[in-house]
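J.: The structure is given below, and queries will be raised subsequently.
The values are calculated or read from the model by the stated rules, or taken from the named source; none is laboratory data. Note that the structure is a prediction, hence the values are computed from the model and not measured. Every residue, glycine among them, receives a Cβ derived from its backbone with ideal geometry; neighbour counts consider all protein chains shown. For accessibility, only protein heavy atoms count, side chains too; no ligands or nucleic acids. Shrake-Rupley method; radii C 1.70, N 1.55, O 1.52, S 1.80 Å.
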Amino acid sequence: MMAPDTPTLATTGDDFVGQFTALKQIRFSGQLEIEEEGSQYHHWTFYFYLGRLLYAAGGEHPVRRLYRSLVQNVPGFSPQQMPATALKSVDLSSSTCWDYQLLCGLLKHETVNRNQLAKIVQRIVAEVL
């Protein structure tokens, strides 16, 4: 489980790279939140465990980003394939990111396999970055 520490930064590109490097060196576990002042759409959360970036969320159009990743990495995927129990496992009132919860539910119900999930997560993180 991740530590409750959640640094929040408003940063430039150079600061961003430096912050990621520092978090890796200290083997940080927790969330890094970055936001652009005055913009409701420019807020990102990066999830770390022992200095490794595990997941990223935020920005504009997270539903579209998730859908693109699923379609690209799961042959024949359609939203109608999602088991209702996977959808019910998502706690929208939680501070934990809903898209990651949904992916875990899809894995649990074997809608996606581990290799597909790894590719989906890599694509989402790359797109957020």
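J.: Condition check: free of Cβ contacts under 8 Å to residues at least 40 places away in the same chain and not in a loop (DSSP other than H, G, I, E, B). Does Val90 satisfy that?
T.: Details: free of Cβ contacts under 8 Å to residues at least 40 places away in the same chain: yes; not in a loop (DSSP other than H, G, I, E, B): no.
In short, no.
J.: Of all residues being open to solvent by less than 20 Å² (accessible area, probe 1.4 Å) and among the aromatic types (Phe, Trp, Tyr) in segment 48-76, which is nearest to Val112 (Cα to Cα)? Just the residue, please.
T.: The residue in question is Tyr55.
J.: Within segment 52-62, is even one residue at pLDDT 75 or above and either assigned to a helix (DSSP H, G or I) or more than 26 Å from Leu102 (Cα to Cα) (or both)?
T.: Taking every residue of segment 52-62 in turn, at least one turns out to be at pLDDT 75 or above and either assigned to a helix (DSSP H, G or I) or more than 26 Å from Leu102 (Cα to Cα) (or both).
J.: Let me ask another. Taking segment 32-47, which residues are without any contact (Cβ under 8 Å) to a residue 24 or more places away in the chain and open to solvent by 90 Å² or more (accessible area, probe 1.4 Å)?
T.: Gly38, Gln40, Tyr41
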